[in-house]
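J.: Dropping the structure in here first, questions after.
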Amino acid sequence: MSDADVQQGVTADLVLQHHLDVRRIYAVYRETGGMSTESEVLRYLAGSATLPQLQRDLMAHAVNEQLGGPSAGAGTSRAPYSSASVAMAGGYGVSELDGERLAEHGRPPDHLIPLTQEAEEARVESLYTSGLLDAPVSGNLERLPRMTRDHFGVMGAAITLITEDQLVTKSSVGTLEGAMPRGETFCHRTIGLDRTLVISDTLHDPVFRDRIFVTGPPFIRFYAGHPVHGRGGMRIGALCIIDDAPRSFSPADEHKLRTLAALVQLEIWGPHT
């Protein structure tokens, strides 16, 4: 039995075991970029049709959202992804079926994960070997920040990459562009997390309230970012949004940003078959 068969079988079994609403699953699947028809999805869940890898991963993501999302407790059954890296891109860590299980669960939102020198070197190597820094911006990578900004109704959105000493903006709309010192940026903190970072009001954040882009143009008052992973699960950058007014960010908002980050992730890794 192939890995694709296992992924399909486990996903379909979970839908039956938990009496999940297939039409709701399909709606979430389409919201996250799924391209297969409802009939194809129904046949996939019935075991009578296959889907390409990208579509299988988006289906697994939709099923997992119905099973409780990443907030479900450790050990909760969930649909497997094609790889550990894709699982982490969707915010779900990994399972026995798609890689080595993450050791910790339920960290507080601001818990920074320290990087050893060895881990940081591996992270930077993952970024450079990806070729992303020099690659042209594809149509989808150009489109996704605009889609993200428009969905949240904020001032700007960006896909950023973090080198050993700089933040490089890969694609953006309505935000600061170019490169800037890594340690000065919000996304530097984001790649130290295994979840979404939200700063509802930067003037109340002791780290960023005195930064020049908070006290001066573009007067950033709100930030939310979700890490983007390179091959091997290294956090190499982020999908982020900013605004010039403080705002709240609901669990549903975090879910949407995480889903959009997963689409960035899949686009970065290239086409799946």
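J.: Amide H neighbours of Leu193 under 5 Å, at least 5 residues apart or on other chains, H built in the peptide plane: list them.
T.: Hits under the 5 Å cutoff: Ile113.
J.: Which sequence of Arg209, Arg23 reflects their accessible areas, 1.4 Å probe, from the largest down?
T.: Descending accessible area places them as Arg23, Arg209.
J.: In nm, to one decimal, how far is the modelled label at Asp13 from the one at Asp150, with both set 7 Å along Cα→Cβ?
T.: Between Asp13 and Asp150, the simple spin-label model gives 4.2 nm.
J.: Counting pairs of Cα atoms in region 148-273, how many percent are more than 21 Å apart?
T.: 33
J.: For Arg235, list long-range residues whose amide hydrogen, built 1.01 Å from N in the peptide plane, is under 5 Å from its own amide hydrogen.
T.: Here the answer is Gly230, since their amide H atoms fall under 5 Å of that of Arg235.
J.: Over region 151-273, with the other protein chains present, what is the accessible area per residue in square angstrom, probe 1.4 angstrom? Intermediate results must be reported in sequence, preceding the final value.
T.: Numbers: 4760 Å² over 123 residues.
In whole numbers, region 151-273 has 39 Å² accessible per residue.
J.: When the solvent-accessible surface of protein heavy atoms is calculated with a 1.4 angstrom probe, in what order do Tyr26, Tyr81, Tyr128 fall, highest first?
T.: Tyr128, Tyr26, Tyr81
J.: Within region 26-53, name every residue whose backbone N is under 15 Å away from a label modeled 7 Å from Cα of Ala4 along the Cβ vector.
T.: Residues 36, 41, 44-45, 47-53 qualify, since their backbone N sits under 15 Å from the label point.
J.: Whenever you get a sec, compute what percent of the accessible area on region 157-273 sits on carbon and sulfur atoms (1.4 Å probe).
T.: 54
J.: Of Asp201, Asp194, which has the most accessible area with a 1.4 Å probe, and how do the rest follow in descending order? Could you put the intermediate results ahead of the total?
T.: On the way: Asp201 30, Asp194 65 Å².
Order by accessible area, largest first: Asp194, Asp201.
The values are calculated or read from the model by the stated rules, or taken from the named source; none is laboratory data. Computed from a prediction, not measured in an experiment: that's the story for all the values here. Using ideal geometry, Cβ is built from the backbone for each residue, glycine included, and neighbour counts are taken over all protein chains shown. All accessible areas refer to the heavy atoms of the entire protein, side chains included, with ligands and DNA or RNA removed. Shrake-Rupley method; radii C 1.70, N 1.55, O 1.52, S 1.80 Å.
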